[in-house]
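The values are calculated or read from the model by the stated rules, or taken from the named source; none is laboratory data. Note that this is a predicted model, so its numbers are computed, not measured. These accessible areas exclude ligands, DNA and RNA; they are computed on the full protein's heavy atoms, side chains included. Shrake-Rupley method; radii C 1.70, N 1.55, O 1.52, S 1.80 Å.
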Amino acid sequence: MTTLAKVTHPHIVKEPEYCGGKAALANTRVRVMNVVFLHKRGKTEAEILETYPDLNRAQVYAALAYYYDHKDEIETELREADEFVQQVASRYAPHLLAK
């Protein structure tokens, strides 16, 4: 019987009291979904590092590796964030436009 090795993701933490329990890069408070958001919009590694200058290449690639190993989890986070933005925009945009 073969035992599968446990996959770990260096640089990634996922703890209830850190970034709301979302997967994040250790000691940065940058969530994996933030890096993935930029990546999915066609941003290059250099552009992601420009947006988050405190990150290094290894951290960017660790976030992307985590994403590809946990795609459903991160896609759900992205979808929930987008829904929240849409709710806020629909609630407050009319008031802001009226001013």
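In Å, the Kirkwood hydrodynamic radius of the stretch 9-57 over pairs of distinct alpha carbons?
Answer for the stretch 9-57: a Kirkwood hydrodynamic radius of 11.1 Å.
May I ask you to derive the relative contact order of the chain, considering only C-alpha pairs under 8 Å and at least 6 residues apart, and to give it as an integer percent?
22 percent
Quick one: with all protein chains in place, what share of the accessible area of the chain is carbon or sulfur, to the nearest percent (1.4 Å probe)?
55 percent
On a 0 to 90 degree scale, rounded to 10, what angle separates helix 71-98 from the longest Cα axis of the chain?
For 71-98 against the chain, the angle is about 10 degrees.
For the chain, what log10 I(q)/I(0) values come out of the Debye formula at q = 0.21 1/Å, with one point per alpha carbon and no solvent?
The Debye formula, applied to the Cα set alone, gives -1.06.
What are the aspartates and glutamates whose alpha-carbon lies under 19 Å from the alpha-carbon of Lys14, with same-chain residues fewer than 8 places away excluded?
Filter leaves Asp69, Asp72, Glu73, Glu75, Glu77, Glu80.
As I understand it, the value is the acute angle between the Cα axis of helix 57-69 and the longest principal axis of the Cα atoms of the chain; what does it come to in degrees, rounded to 10?
The answer is roughly 90 degrees.
So how much slack lies between Glu80 and Arg41, counting 0.36 nm per residue of separation and subtracting their Cα-Cα distance, in nm?
Difference between extended and current length: 12.3 nm.
Given the Cα-Cα distance of Val88 and Asn27 and 0.36 nm per residue of separation, how much length would full extension add, in nm?
Gain on stretching Val88 to Asn27: 19.0 nm.
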